[in-house]
1. Is there any pair with a first residue in the range 13-40 that is under 20 Å from Phe177 (Cβ atoms) and a second that is within 16 Å of the ligand (Cβ to nearest atom) and acidic (Asp, Glu) whose Cβ atoms are under 8 Å apart and which are 6 or more apart or on different chains, and what are they?
2. Restricting attention to the range 42-56, which residues are touching a Lys or Arg at 6+ places or on another chain (Cβ under 8 Å) and surrounded by fewer than 21 Cβ atoms within 10 Å (Cβ to Cβ)?
3. Output the residue which, of all residues in the range 47-70 that are part of a loop (DSSP other than H, G, I, E, B) and under 27 Å from Leu197 (Cα atoms), is nearest to the ligand (Cβ to nearest atom).
4. Hey, can you tell me all the residues within the range 97-117 that are more than 20 Å from Val45 (Cβ to Cβ), away from the ligand (no atom under 12 Å from the Cβ) and either of a type outside the set (A, V, I, L, M) or buried (at least 24 other Cβ atoms within 10 Å of the Cβ) (or both)?
5. Going residue by residue through the range 176-187, is there one that turns out to be within 25 Å of Leu67 (Cβ to Cβ), open to solvent by less than 30 Å² (accessible area, probe 1.4 Å), outside any loop (DSSP other than H, G, I, E, B) and polar (S, T, N, Q)?
6. On the basis of being more than 12 Å from the ligand (Cβ to nearest atom), over 24 Å from Thr33 (Cα atoms) and open to solvent by 30 Å² or more (accessible area, probe 1.4 Å), does Ala150 make the cut?
7. Can you find, within the range 131-147, the residue that is farthest from the chain's Cα centre (by Cα) among those that are open to solvent by less than 50 Å² (accessible area, probe 1.4 Å) and free of Cβ contacts under 8 Å to residues at least 60 places away in the same chain?
8. Regarding the range 77-96, can at least one residue be identified that is away from the ligand (no atom under 14 Å from the Cβ), within 29 Å of Ala31 (Cα to Cα), open to solvent by less than 10 Å² (accessible area, probe 1.4 Å) and in a helix (DSSP H, G or I)?
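The values are calculated or read from the model by the stated rules, or taken from the named source; none is laboratory data. Predicted model only: the values in this text are computed from it and were never measured. Note: ideal-geometry Cβ built from the backbone for every residue, glycine included; neighbour counts use all protein chains shown. When the accessible area is computed, the model is the full protein with side chains, heavy atoms only, and any ligands, DNA or RNA have been set aside. Shrake-Rupley method; radii C 1.70, N 1.55, O 1.52, S 1.80 Å.
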Amino acid sequence: MGSPQVRPVIGVLALQGAFAAHERALASVGAATRQVRTPGDLAAVEALVMPGGESTTMARLLHTSGLFTPLAARLAEGMPVFGTCAGMILLATEVLDGRADQHGFAAVDIAVRRNGYGRQIDSFEADIEVVGLETPFHAVFIRAPKVERAGSAVTVLAEHEGVPVLARQGAITVASFHPELTPDPRLHGLFVTDNDLTK
Ligand code: GLN
């Protein structure tokens with residue numbers, strides 16, 4: 001008899017925003033999850049989802065919770081991270097139309113414009129072709145950041161009208177849309193399998 005299999009725990013940053021739906025999506029692909037609110041929570045996880053929400057608020061809460069510095073260190077060590085919408089903004093090297101005091105992790109070499117799709121179309125949905133998926137993914141964009149530049153270290157995994165909307169650099173995946181808001185967990189599944197978090 002072998003010892004029970006211990007699955008890697010995937011954290012979901014739960015300071016603010018759309019974290020509960022990410023937990024459901026991860027659970028549906030068989031991942032073990034934990035809400036991350038403190039440095040102790042972060043130390044207990046092997047990977048992290050940074051959800052959508054409000055990036056300025058999230059940046060402030062990352063500092064007041066004491067998570068900013070340990071999370072920057074884990075990113076530098078190569079922890080797998082999936083950042084969606086506000087999470088993408090927090091991971092970008094360059095934020096256009098951000099607040100002057102909005103400090104992020106500069107972990108993915110992209111320039112993103114906050115609310116870059118314009119105020120008239122706060123939200124829209126589109127079917128996008130994703131590298132690694134056989135059929136299109138229905139993507140929900142909500143006051144989404146628009147990628148205006150992607151560096152050579154960045155692999156674009158999906159575009160919408162010629163603009164990158166899903167990209168990867170090393171162990172970090174970023175999406176400008178909300179993959180947790182549709183009942184299609186394939187992107188969470190790719191995050192788990194691509195980063196070998198299924199053991
Ligand atoms: N516009 C938001 C921001 O700047 C992001 C929107 C979202 O995460 N749905 O943080």
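1. Gln16/Glu54; Gly17/Glu54; Ala18/Glu180; Ala21/Glu180; His22/Glu180; Arg24/Glu180; Ala25/Glu180
2. Those that are touching a Lys or Arg at 6+ places or on another chain (Cβ under 8 Å) and surrounded by fewer than 21 Cβ atoms within 10 Å (Cβ to Cβ): Ala44, Thr56.
3. Gly52
4. Across the range 97-117, the qualifying residues are Asp101, His103, Asp109, Ile110.
5. For the range 176-187, residues within 25 Å of Leu67 (Cβ to Cβ), open to solvent by less than 30 Å² (accessible area, probe 1.4 Å), outside any loop (DSSP other than H, G, I, E, B) and polar (S, T, N, Q): absent.
6. yes
7. Leu133
8. Looking through the range 77-96, none of the residues is away from the ligand (no atom under 14 Å from the Cβ), within 29 Å of Ala31 (Cα to Cα), open to solvent by less than 10 Å² (accessible area, probe 1.4 Å) and in a helix (DSSP H, G or I).
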